[in-house]
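Only one structure is covered here, and it is reproduced in the block below.
The values are calculated or read from the model by the stated rules, or taken from the named source; none is laboratory data. Model, not experiment: these values are computed from the prediction. For neighbour counting, all protein chains shown are included, and Cβ atoms are generated from backbone atoms with ideal geometry for every residue, glycine included.
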Amino acid sequence: MTRYLRLLRLFTGATLSAQLEYRANFLGAVLASLGEVGVALLGIGVLFGQPGTDTVGGWTFHQALLVTGFFMLTEGVISVFIQPNMSKIAEAVRTGSMDFTLLKPLDAQFGVSTRHLNVLRAGDLLIGLGLIAYAASHLTVTLGGFAGAAVLYLSAVVIVYCIWLALSTTAFWFVKTQNASELFNGVFGAARFPVTAFPVPIRALLTFVVPVALITTVPAQALTGTLTPALALASPLVAAAAFVLTRLFWLKAVASYTSASS
Amino acid sequence: MTTLPPDAAVHVRDLRKSYTIHEKEPGFLGSLRAFVRRQSREVEAVRGVSFDLAPGEVVGFLGPNGAGKTTTLKMLSGLLHPSGGEVRVAGFEPRRRQSEFLRRITLVMGQKQQLIWDLPALDSFLVNQAIYEIPDPQYRATMHEFTEVLGLSGILKKQVRKLSLGERMKCELAAALLHRPQVLFLDEPTIGLDVNMQESVRAFIRDYNERYGATVILTSHYMADVTALARRILVIDRGQLVFDGDLARLVERAGGGKTVRLQLRRPVTAAALAAYGEGVKVDGLSAELTVPRAEVSSRAARLLADLDVADLTVEDPPIEAVMAELFGGKEAVRG
């Protein structure tokens, strides 16, 4: 275990120093973060900007802003921690450099999931946390609500990671999978609004098929104390099940690895 | 010499690997057709290969392109699951990829790199030190030794992308051997390197083999690598082992004769030399011809008696020629 922690530190150090090599990239990343938050705020602004609109789908402005905060935070988690690693899986399979990962006496899933960080997008994390803090300051949040939201958000991150890993793992068979992550991004865009803002059929889709609801709406509900016990339980269970299933899927993929020829 | 467990050998019995490959006609229409309905075909890359290696043995693994060399090495290192047969490396079944197994082997591929592109090689070494849990004193000792044998000083702190191909390969080797593996699979470790660089890579491999008694399987398309390092040669062709023995025997088996090189005092025509052997080449005052193995001494004596010869040497034909003979003149011995 300490070995894996030590490796995390080394990987982080290496990926940070590698990014410092290219300074111009930094400006682009800051602009991307600002664009992202602008779009998210614009969306919610349009919804609540209609005269006489106090609530959308039963959510007040600050409650909805909370969802937007969780959305931005998740965007940050994806851009900083998840996407940089997952996008390299397909590349490693295509070029055959996956060989080196598989030859190391180290859990290969850990290896492909932790090697890279895109620290330049860390701004998204701060913006997300800032929005959540601002929105929460206008709402009554209990300590229990805060703890619940933390646990449920952690489950949400696990779910997001599993979806990305499962999509990226298909690269072992299909080699190019960029469109699969585009698919995720497309659906995930819906998470910037509370799911209850959508018509019932879409709400069901976003809760049960693609668990977008669990990622942003559920932690926000926990924070405001409006969460039903069923959803509170569902999120960690879905996360655990998703983790086990993607693990099995990953192992199957590795077994059928064909290793691009040298 | 560090003592290694006695099971450090490679054991291969009836090893097989088949792939399903997709085929496509050339051109856009062909691509479109392949996109809609894939044509697949079963290809047997390795068809029943068997051999055993003793601990500390160095073997050259030769064969034409696509003969199954790399596929075999990948099965031996656990990257590919065999379709059939039995493999044991250092007492382990490679496909299970246990940690203990992976710590004992390494696979170096001349055409792939594991070093972090934007950072100095030293950073990659530190990552490998942590992955393989190499204790600090052993890490320092190994680095000291590699730096000396490979001449790494001065290049370890430069970003990998700024290194020359040769420098990068040296660092790749160091990264791959940092954990002191006892079985080395080297797939074209000198590809693209200049002669000096090839020589220092060879010297490093020889030194490592002697120092740690490591078992080495080496593929290369530079024959000098194989003749300099390996006594035993395995030749694979179309997925089957067609030769297993020492280099001299390979030359003998390929038939052919010996090469006689002449340095003459007076010019001679190729036609005049044709009476003494085959494959006559004349270049000014130097000439070269091939004579049957059994008649080397009698032909040489006649050449010396009949012509004004300044110098005469008898050599085994270059291994490229031997391989060309074995594989019927196809492009021989490329990885």
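When you scan the stretch A:117-134, do you find a residue that is among the acidic types (Asp, Glu) and in contact with a Lys or Arg (Cβ under 8 Å, 6 or more places away or on another chain), even just one?
no
Quick one: is B:Leu163 at pLDDT below 90 and away from chain A (no Cβ under 13 Å)?
Considered against the rule, which asks whether it is at pLDDT below 90 and away from chain A (no Cβ under 13 Å), B:Leu163 comes out as no.
Take B:Arg104 and tell me if it is of a type in the set (Lys, Arg), more than 30 Å from B:Glu320 (Cα to Cα) and buried (at least 22 other Cβ atoms within 10 Å of the Cβ).
Considered against the rule, which asks whether it is of a type in the set (Lys, Arg), more than 30 Å from B:Glu320 (Cα to Cα) and buried (at least 22 other Cβ atoms within 10 Å of the Cβ), B:Arg104 comes out as yes.
Which condition breaks for A:Gly35 when tested against (1) modelled with pLDDT under 80; (2) among the small types (Gly, Ala, Ser); (3) closer than 25 Å to A:Ser181 by Cα?
(1)
List the pairs whose first member sits in the stretch B:283-307 and is free of Cβ contacts under 8 Å to residues at least 12 places away in the same chain, whose second member is exposed (fewer than 14 other Cβ atoms within 10 Å of the Cβ) and not in a helix (DSSP H, G or I), and whose Cβ atoms are under 8 Å apart, counting only residues at least 6 apart or on separate chains?
Close Cβ pairs satisfying both conditions: none exist.
Pick out, from the stretch A:133-251, the helices (runs of 4 or more DSSP H) lying fully within it that include 2 or more residues that are of a type in the set (Phe, Trp, Tyr) and under 26 Å from A:Thr101 (Cα atoms).
Per the criteria, A:143-169, A:171-174.
In the set B:Glu295, B:Glu288, which member is within 23 Å of B:Val322 (Cβ to Cβ) and in a strand (DSSP E or B)?
None of the other options fit; the residue is B:Glu288.
Restricting attention to the stretch A:1-31, report how many residues are over 18 Å from B:Trp117 (Cα atoms) and within 12 Å of chain B (Cβ to nearest Cβ).
8
Considering the stretch A:86-114 alone, what residues qualify as being under 30 Å from A:Ser33 (Cα atoms) and facing chain B (nearest Cβ under 9 Å)?
A:Gly111
Based on this model, can you work out whether B:Leu115 counts as under 24 Å from A:Leu7 (Cβ atoms), of a type in the set (A, V, I, L, M, F, W, C) and either in contact with a helix residue (DSSP H, G or I) (Cβ under 6 Å, 6 or more places away or on another chain) or not assigned by TED's automatic domain parsing to the domain that holds B:Gln198 (or both)?
Criteria met by B:Leu115.
Is one or more of the residues making up the stretch A:79-94 modelled with pLDDT under 95, in a loop (DSSP other than H, G, I, E, B), out of contact with any His (no Cβ under 8 Å at 6 or more places or on another chain) and not hydrophobic (A, V, I, L, M, F, W, C)?
Within the stretch A:79-94, not a single residue is modelled with pLDDT under 95, in a loop (DSSP other than H, G, I, E, B), out of contact with any His (no Cβ under 8 Å at 6 or more places or on another chain) and not hydrophobic (A, V, I, L, M, F, W, C).
How many residues are buried (at least 18 other Cβ atoms within 10 Å of the Cβ) and more than 17 Å from B:Arg95 (Cβ to Cβ) if we restrict to the stretch A:98-109?
Result for the stretch A:98-109: 2.
Which of the following residues is over 30 Å from B:Gly66 (Cβ atoms) and out of contact with any strand residue (DSSP E or B) (no Cβ under 6 Å at 6 or more places or on another chain): B:Ala272, B:Ala324?
Going through B:Ala272, B:Ala324 in turn, just one is over 30 Å from B:Gly66 (Cβ atoms) and out of contact with any strand residue (DSSP E or B) (no Cβ under 6 Å at 6 or more places or on another chain): B:Ala272.
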